[in-house]
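Reviewing the structure listed below.
The values are calculated or read from the model by the stated rules, or taken from the named source; none is laboratory data. Since the model is a prediction, treat every value here as computed from it, not as a measurement. Because the Cβ atoms are built from the backbone with ideal geometry, glycine has one as well, and the counts that use them run over all protein chains shown. What goes into the accessible areas is simple: the full protein's heavy atoms, side chains included, and nothing from ligands, DNA or RNA. Shrake-Rupley method; radii C 1.70, N 1.55, O 1.52, S 1.80 Å.
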Amino acid sequence: MDEETHEAIEELHAMLDRARVIVPFTGAGISTESGVPDFRSPGSPWMVNKPIPFDVFVSSREARAEAWRRKFAMDDHCPDARPNRGHRALATLVAEGRAPGVITQNIDGLHQASGIANEAVIELHGNGTYATCLTCSWRHELAAIRQEFEASGEPPDCLICGGVVKAATISFGQQMPQRQMLRAHEMTLSADLYLVAGSSLVVFPAASFPVVAKRNGAKLVILNREPTDLDPIADLVVRGEIGAALARLAN
Ligand SMILES: [Zn+2]
C-alpha cells in the first residue's frame with residue numbers, strides 16, 4: 001500500500017470515529033473480494049449475453065427458460081461466496097449502532113450473511129439468492145426450482161397461484177422497488193457520514209443517493225478501486241481494497 005492510500009485510510013477512520021450516523025452504500029466492489037464477479041467487468045459471465053428485458057421474460061416461456069439457464073450457470077461461477085472483511089466491518093458498524101443499516105446495489109445476500117438483519121439491508125436491485133412469484137409474491141427456493149428445471153427443461157410456475165416465478169432481482173426494464181427506494185432515501189437523509197464502498201456509481205437511479213446525502217450536508221467518502229464520477233464532490237476518496245481499508249473494524 002502506498003503512502004497516499006495509507007494516509008487516506010487513516011483519515012477515513014478518523015471520520016468514522018467522529019460520525020454520529022454512518023450510512024454505508026455498497027456495490028459490486030465489496031463482493032469481488034469474496035469472489036463474486038462484477039457484472040460489468042470485462043470477461044464476466046454477465047457480459048456474454050444481452051440481458052433479457054423484464055417484459056420479454058414475462059411474456060415468453062422460452063425467454064424464461066433461457067434466463068434460468070443463465071442464472072444457474074452464473075450461480076455455479078461463485079458457489080461458495082462468503083462475506084469478507086469489508087462486509088464484516090460494516091456488520092460491526094450496524095451491530096454497534098453506528099450505522100442504521102446498509103444500502104446495497106448487490107444481489108448476493110452477503111450483507112445478511114455477515115450478520116446484518118434482513119430489515120437493515122436495503123436491496124436496490126433485489127436479491128439473487130431466492131425467487132418470488134410475480135403475481136402473489138410467494139417466495140420460492142432456488143434449489144427446488146433448479147432440480148425441477150434440470151429435469152424438465154421447463155421454467156417454473158408458482159405452486160400457489162400458477163404465476164410467473166422469477167429470481168428476486170430487479171431486471172433490466174423492471175420497475176425499481178418503490179418501498180426499498182423510499183427507505184433508502186430516508187436512511188440517506190439520516191446520514192452525517194455517507195460511506196460509498198465498492199460502487200462505481202454509474203447505475204442510476206441508485207447512484208443518485210450519494211448526491212442526495214451530500215446535498216443534505218453529510219460528509220461523503222468514496223472507497224473504490226477505480227475513480228468514480230462523484231470523486232470531485234467527495235470529502236475523501238480512498239482508492240484501494242475495501243477489505244484492507246476497513247479491516248480494523250471487522251470482528
Ligand atoms: Zn404465485
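Express the relative contact order of the chain as a whole percentage, based on alpha carbon pairs under 8 Å and six or more residues apart in sequence. Reported as a whole number, the value is 26 percent. Over the chain, accessible surface divided per residue gives 49 Å², non-protein components excluded, 1.4 Å probe. Less than 5 angstrom separates the built amide H of G109 from those of G128, all sequence-distant by 5 or more or on a different chain. The share of accessible area on the range 117-206 that comes from carbon and sulfur is 55 percent, using a 1.4 angstrom probe. For the chain, the longest principal axis of the alpha carbon atoms and the long axis of helix 61-77 meet at an angle near 50°.
Note that the range 185-198 has calculated 3J(HN,Hα) couplings of 4, 4, 5, 4, 6, 7, 7, 10, 9, 9, 10, 7, 10, x Hz, one per residue in order, obtained from phi through the Karplus relation 6.51 cos²θ - 1.76 cosθ + 1.60 (θ = phi - 60°); glycine and proline are x. Per the 1.4 Å probe, what fraction of the accessible area of the range 209-251, in percent, lies on carbon and sulfur atoms? Answer for the range 209-251: carbon and sulfur cover 48 percent of the accessible area. Quick check: from the Cα gyration tensor, does the range 172-222 come out rounded (a/c under 1.5), prolate or oblate? The shape class here is oblate.
Compute the angle between helix 3-18 and the longest alpha-carbon principal axis of the chain, please, reported from 0 to 90 degrees and rounded to the nearest 10. In the chain, helix 3-18 runs at an angle near 90 degrees to the longest axis.
If r is the Cβ-Cβ distance from V211 to S152 and R0 is 41 Å, what FRET efficiency results, to the nearest 0.05? Once the sixth-power term is evaluated, E becomes 0.30. Computed from the Cβ-Cβ distance with R0 of 30 Å, the FRET efficiency linking E226 to Y130 stands at 0.45.
Each label was represented as a point 7 Å from its Cα along the Cα-to-Cβ direction; for D235 and L189 these points are 2.0 nm apart. Taking label positions 7 Å along the Cα-Cβ direction at both A143 and M1, the computed distance is 3.9 nm, reported to one decimal. In order along the range 128-140, the Karplus-derived 3J(HN,Hα) couplings, from 6.51 cos²θ - 1.76 cosθ + 1.60 at θ = phi - 60°, round to x, 9, 8, 10, 9, 7, 5, 8, 10, 6, 4, 7, 10 Hz, and Gly and Pro are given as x. Between D76 and C161, the modelled label-to-label distance comes to 3.3 nm, taking each label 7 Å out from Cα in the direction of the beta carbon.
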